[in-house]
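Okay, so here's the structure we're looking at.
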Amino acid sequence: MKLIKLDAIDSTNDFLKALSGSQELENFTVVTAENQTKGKGQMGAVWNSEKYKNLIMSVFVKGFITNADEAYLLNIATALSVIEALKKNNIKNLSIKWPNDIMSANSKIAGILIENSFKSDGSVFTIIGIGLNVNQTDFTDLPKASSMAVVANAIFDKEEILNLIVQELKTNLELIKLSATTLWDHYMSLLFKLGLPMPFKTQDEKTFMGIIKGVSAAGKLIVLLEDDHLVEYGLKEIQML
Ligand code: BTN
């Protein structure tokens with residue numbers, strides 16, 4: 001693993017994407033920052049993280065998927081890697097809120113933003129962005145968020161967790177080719193609120209209730225609506241509230 005440590009940057013994902021465009025990067029080149037001035041979340045959201053406290057990391061990988069249909073497996077492999085690293089640090093009540101928010105009980109402790117570039121030669125470059133709340137304890141502005149420190153009442157070593165995540169990523173990304181169903185079953189067993197009614201919001205801000213039935217092979221969330229229709233929603237179509 002090649003590690004590039006930055007103090008402050010707009011976004012580690014953007015930094016690594018630009019770097020991969022200007023030079024040949026080896027697999028598992030990792031960029032971390034203590035602070036992001038323009039941290040990116042899913043669906044155009046901002047990722048806020050208290051300076052110095054948390055893990056802000058982006059990992060460059062290539063060669064694990066060959067087309068857009070497989071892209072969701074990268075999300076699954078990443079979510080499972082973060083979960084495994086957290087488990088090894090004794091964090092309890094872990095689950096994955098579709099598509100890939102990492103939860104401890106009802107609070108989000110990590111977010112994942114994966115950005116793929118499909119090249120004309122058929123290769124796929126991927127930037128795996130992970131924001132993990134490690135030692136932050138003040139969440140006044142983010143009532144639905146939490147951290148390892150809050151959940152476990154302890155202080156953690158960020159670099160140790162980073163190494164664990166990268167180690168787990170290496171194993172789980174290999175599984176995409178070797179046994180995607182193993183990844184899939186593991187992911188489904190950790191799905192947040194499976195079988196339970198949940199509020200959702202569409203892109204145009206409409207809210208509705210539905211029961212989560214599972215996730216399709218393409219990574220779409222299967223929801224049973226109140227009128228008994230089963231509907232599949234893609235990554236950018238809805239958000240779970
Ligand atoms: C989300 O849950 O909305 C995804 C958050 C992803 C945040 C991480 S922090 C490191 C990397 N760089 C970014 O700009 N975003 C991701």
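Using a Gaussian network model of the chain with C-alpha springs under 10 Å, which one of Pro99, Pro197, Pro143 is most mobile by mean-square fluctuation?
Maximum among the listed residues: Pro143.
Between Asp69 and Asn48, what is the FRET efficiency for a Förster distance of 25 Å, r being their Cβ-Cβ separation, to the nearest 0.05?
The calculated FRET efficiency here is 0.15.
Need one number for the chain: average projected area of the convex hull over its C-alpha atoms, nm².
On the way: hull surface 51.7 nm².
Averaging across all directions leaves 12.9 nm² for the Cα convex hull.
Which whole-number percent is the relative contact order of the range 111-232 (Cα, under 8 Å, 6+ apart)? Walk me through the numbers before you get to the answer.
Numbers: 127 pairs, mean separation 12.3, N = 122.
Value for the range 111-232: 10 percent.
At a 10 Å Cβ-Cβ cut-off, how would you order Val59, Val223, fewest neighbours first? Intermediate results must be reported in sequence, preceding the final value.
On the way: Val59 28, Val223 23.
In increasing order of surrounding Cβ atoms, one gets Val223, Val59.
Only helices at least 18 Å long along their own axis, judged from Cα atoms, and with Kyte-Doolittle mean hydropathy of 0.0 or greater: name those in the chain from DSSP H. All intermediate terms of the calculation are to be shown ahead of the outcome.
On the way: long enough: 71-88 (26 Å, 1.00); 158-178 (30 Å, 0.17).
Helices meeting the span and hydropathy rule in the chain are 71-88, 158-178.
In the chain, if the dipole is taken from +1 on Lys/Arg beta carbons and -1 on Asp/Glu beta carbons about the Cα centre, which of Met1, Val223, Pro199 is farthest to the positive end?
Met1
State the Cα centre-to-centre distance between the range 136-155 and the range 9-68 in whole Å.
Result: 22 Å between the Cα centres.
If each of Asn163 and Gln203 carries a label point 7 Å out from its Cα toward its Cβ, how far apart are those two points in nm?
Label-label distance for Asn163 and Gln203, simple model: 4.3 nm.
Compute the whole-percent fraction of alpha carbon pairs in the range 64-154 spaced more than 17 Å apart. Each step should come with its number before you reach the end.
Numbers: 2086 of 4095 pairs.
That fraction is 51 percent.
Once the cut-off is 24 Å, how many percent of the Cα-Cα pairs in the range 105-208 end up in the long-distance tail? Don't jump to the answer; show the numbers that get you there.
Details: 2405 of 5356 pairs.
Of all Cα-Cα distances in the range 105-208, 45 percent exceed 24 Å.
At a threshold of 8 angstrom on Cα-Cα distance, excluding pairs fewer than six apart, so keeping six or more, what relative contact order does the chain reach in percent? Intermediate values should be presented prior to the final figure.
On the way: 475 pairs, mean separation 39.9, N = 241.
Relative contact order here is 17 percent.
Can you list residues whose amide H is under 5 Å from Ile238's amide H, if they're 5+ apart or on another chain and H is modeled 1.01 Å from N?
It is none; the list stays empty.
Values quoted throughout were computed directly from the atomic coordinates according to the rules given, and no laboratory measurement underlies them. Since the model is a prediction, treat every value here as computed from it, not as a measurement. Glycine gets a Cβ as well: all are built from the backbone with ideal geometry, and neighbour counts include every protein chain shown.
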